Structures are given as C-alpha cells and as structure tokens.
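J.: Sharing a structure with you now.
The values are calculated or read from the model by the stated rules, or taken from the named source; none is laboratory data. Keep in mind it's a predicted model, so treat the numbers as computed, not measured. Cβ placement follows ideal geometry from the backbone for every residue including glycine, while neighbour counts extend to all protein chains displayed. Heads up: the accessible areas ignore ligands, DNA and RNA and are worked out on the full protein's heavy atoms, side chains in. Shrake-Rupley method; radii C 1.70, N 1.55, O 1.52, S 1.80 Å.
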Amino acid sequence: MASTEGAQRPLGHEEGRPNPFSSGSSKARVLGISSGKGGVGKSSITVNLAVALAAAGHSVGILDADVYGFSVPAMLGAQDAPEMSEGRVVPPEAYGVRVISMGFFVPDDQPVIWRGPMLHKALEQFLTDVDWGDIGFLLIDMPPGTGDVALSMSQYLPASEMYVVTTPQPAARRVAQRSAYMARKLNLPLRGVIENMSWYSTPDGQRYEIFGSGGGLQLAEELGVPLLGQIPLVPALREGGDQGRPVMVSDPGSEVGKAFAAVAEAIVGLGRSRVMREELKIR
Ligand SMILES: Nc1ncnc2c1ncn2[C@@H]1O[C@H](COP(=O)(O)OP(=O)(O)OP(=O)(O)O)[C@@H](O)[C@H]1O
Ligand SMILES: [Mg+2]
C-alpha cells in the first residue's frame, strides 16, 4: 500500500491508495472545462486543447468526468479497453494524450444508471486507481450543468482551475455564467473564458457571426477573468470529433488549429493558480 505525502489525508479509496492530485506537492495542473450549458463544445475543446498542450511538449491526460454521457474516447479515437498493470489501470494514449473514461468500462449500448454516490466513487477511482504517471496537465471534461461532478472535483481536486466555455449569444452566456458562480461557491479558482463557435469563415475570408458576438468577452469581463480565445465554427472540427482524429491533429496549421494552440499557450502562460491573495505577495 502506498503512503500519502506529507500530512495529506488520503482522500479515499478503501484500499487507502492516495489521490496523487490532492497533494499540495502534485506537479500536475488540473483544468476543469465546464459550462452550465450542454452542447457548447466542452468535450471538443477539452480534446483539442489536450492535443495542443501535448504538441507543445507537455505531458497531458484527460479525465472524462461526463460519466453518463462520455464522448472523449470516440473523439480521440481511443477505443481499446485500458490495460491493467500491478493492479492499476493504465490509461490508453492517443495523439500523446492519456485518457480515462467510463466509456472504457461499459458497452456502447448500455446506459450508465447511477445515483450520485456511485458517480462520486467512480470519479475517485479515476484518480486513485489510474496510473497517470508524471503528467503536467490533467484536463477534466465536465458534464453540462452545475451538479455532482463539480462537487466531487472540489473535494478530490481542491487545486483544480476552472475554465468556462460559452458560445457568443447572450442566452448561452447567462447559463455558462452559472458554472462560474458554482466554481466560486466551491472555492475553485476560475481562470478564464473560452468562446466557441465564434464565427464561420467562408473560403474567401468572409466572417459570419452565426451565434451573435461579444458573449465571451462580456462574460469574461463580468467574471473578472481573461477571454483566452475564440474558436471558430468549422466543419472539420465536428468531423474530426466524429472520426476520432481531432482537427488539432489533422490540421494544426488551420485557423481553428492556431486558435487552440493560442488557448493552450495562454493557459500555460497563466501559470498555476495562486492561493495566496494579491496583498500577501512579497515584492
Ligand atoms: N467550433 C466548432 N465547430 C464545429 N462544430 C463544433 C464546434 N464545437 C463543437 N462542435 C460540435 O458540436 C457538437 C457538440 O460539441 P461537444 O460534444 O464538444 O459539446 P459539449 O459541450 O461537450 O456537449 P455536452 O454538454 O453534451 O457534453 C459536436 O458535434 C461537435 O463536433
Ligand atoms: Mg461533452
């Protein structure tokens, strides 16, 4: 049985395995990709951002926390069941990204029908029973809404940084905002906004703002965090997700590929969140 580091109490598992991400000495940055609203592109952004971070030389993992509606394995083309090594789950790797998802453990045509406590337990096992290795970034693809998963994250991953995805229209912004308020309530640092489906560019360079404009910037200003990027609406992004070959893999030099690379760079540039308050900094 492994021992816990420092004075940190093992958050959980009955075998007493420590959760490597709950310790203050964990070197991994945990990025929660959230939105109160469904279908705004959380999973697509998680997957492409992870590939962008890996391409920039970081060691990256994705924890698909959408236990009921998992989509990451299909989007990453990682369909094989994980292997076991010394009693731990080895996460499959695709395009330099390690991934764990409920999708590896239930047949495709079977729904996951669980109550909250089981969901909580599954998320815990994804942290404690999976050999994540020495990763620098763990991205959490969160389900829509502001429910159980965020609560579990605040308990198991107290150092996780939250990022909010929104589309540009006011209605989406208001719903996305709820996940930001939830993060604040749970004391999870909110680090930035990512706007998705910002515009569609025609081959001759004309931009159409199909879902309106300005929602991402407005939300970021309201929340007092940076707008980290605007991701255009591109058919290749959807196709990449459907085919299990993210656009960040197939066409990193495209407009959308560059947008993801820029968001990845901005997140790296933000650095780890400081728990210390501004006025306590030694200058
Ligand atoms: N920028 C984009 N351009 C084109 N298609 C996109 C874009 N972003 C997302 N999509 C498509 O929109 C659909 C929803 O995206 P996705 O599954 O990533 O959203 P989600 O927020 O994770 O949804 P859910 O709330 O169900 O988890 C997918 O078919 C995806 O391919
Ligand atoms: Mg999703």
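J.: Restricting to the stretch 129-141, give me the number of residues that are touching a strand residue (DSSP E or B) at 6+ places or on another chain (Cβ under 6 Å) and either more than 16 Å from ligand 2 (Cβ to nearest atom) or open to solvent by 10 Å² or more (accessible area, probe 1.4 Å) (or both).
T.: Count: 7.
J.: Search the stretch 88-102 for residues that are free of Cβ contacts under 8 Å to residues at least 40 places away in the same chain and pair each with any residue that is hydroxyl-bearing (S, T, Y) and in a loop (DSSP other than H, G, I, E, B) when their beta-carbon atoms are under 8 Å apart and the residues are at least 6 apart or on different chains.
T.: The qualifying pairs are M102/Y68.
J.: Quick check on my filter: what residues within the stretch 62-119 are open to solvent by 60 Å² or more (accessible area, probe 1.4 Å) and aromatic (F, W, Y)?
T.: Answer for the stretch 62-119, where residues must be open to solvent by 60 Å² or more (accessible area, probe 1.4 Å) and aromatic (F, W, Y): Y68, Y95, F105, W114.
J.: Let me ask something else about it. Quickly run through the stretch 159-175 and pick out the residues that are modelled with pLDDT under 85 and either within 15 Å of the chain's Cα centre (by Cα) or assigned to a strand (DSSP E or B) (or both).
T.: A159
J.: Okay, next question. Mind listing just one residue for me: the one in the stretch 90-119 that is charged (D, E, K, R) and over 19 Å from V130 (Cβ atoms) and, of those, modelled with the highest pLDDT?
T.: Among those residues, the one meeting the criterion is R115.
J.: Considering only the stretch 40-133, give the strands (runs of 3 or more DSSP E) lying wholly within it that have at least 2 residues that are within 14 Å of ligand 1 (Cβ to nearest atom). Give the derivation first.
T.: On the way: elements: 60-64, 83-85, 88-90, 97-100.
Of the strands (runs of 3 or more DSSP E) lying wholly inside the stretch 40-133, those with at least 2 residues that are within 14 Å of ligand 1 (Cβ to nearest atom) span 60-64.
J.: For the stretch 35-50, which residues satisfy the criterion of being more than 10 Å from ligand 2 (Cβ to nearest atom) and open to solvent by less than 10 Å² (accessible area, probe 1.4 Å)?
T.: Answer for the stretch 35-50, where residues must be more than 10 Å from ligand 2 (Cβ to nearest atom) and open to solvent by less than 10 Å² (accessible area, probe 1.4 Å): N48, L49, A50.
J.: Those residues that are open to solvent by less than 20 Å² (accessible area, probe 1.4 Å) and among the hydrophobic types (A, V, I, L, M, F, W, C), I need them from the stretch 203-224; list them, please.
T.: Residues of the stretch 203-224 open to solvent by less than 20 Å² (accessible area, probe 1.4 Å): 215-216, 219-220, 223.
L219, A220, L223, listed by residue number.
J.: Another question, then. State which residue is nearest to ligand 2 (Cβ to nearest atom) when the search covers only the stretch 51-76 and only residues that are at pLDDT 95 or above, more than 13 Å from the chain's Cα centre (by Cα) and within 23 Å of Q110 (Cα to Cα).
T.: M75
J.: Let me ask you something else. Would you pick out the residues in the stretch 15-34 that are more than 11 Å from ligand 2 (Cβ to nearest atom) and in contact with a strand residue (DSSP E or B) (Cβ under 8 Å, 6 or more places away or on another chain)?
T.: F21, A28, R29, V30, L31, G32
J.: Follow-up. Please give the number of the condition G145 fails out of (1) in a loop (DSSP other than H, G, I, E, B); (2) more than 16 Å from ligand 2 (Cβ to nearest atom).
T.: G145 satisfies all of (1) in a loop (DSSP other than H, G, I, E, B); (2) more than 16 Å from ligand 2 (Cβ to nearest atom) except (2).
J.: Let me ask something else about it. Within the stretch 186-218, how many residues are under 19 Å from the mean Cα position of the chain (by Cα) and farther than 23 Å from S254 by Cβ?
T.: 6
J.: If a residue has to be farther than 12 Å from P168 by Cβ and either out of contact with any Phe, Trp or Tyr (no Cβ under 6 Å at 6 or more places or on another chain) or open to solvent by 80 Å² or more (accessible area, probe 1.4 Å) (or both) to count, how many in the stretch 192-202 make the cut? Give the derivation first.
T.: Taking the stretch 192-202 first, the residues farther than 12 Å from P168 by Cβ are 192, 201-202.
Next, only the ones that are either out of contact with any Phe, Trp or Tyr (no Cβ under 6 Å at 6 or more places or on another chain) or open to solvent by 80 Å² or more (accessible area, probe 1.4 Å) (or both) stay: 201-202.
Residues meeting the conditions: 2.
J.: A further question on this structure: So how many residues does the stretch 103-121 have that are free of Cβ contacts under 8 Å to residues at least 24 places away in the same chain and either among the charged types (D, E, K, R) or in contact with a Pro (Cβ under 7 Å, 6 or more places away or on another chain) (or both)?
T.: Final tally of qualifying residues: 4.
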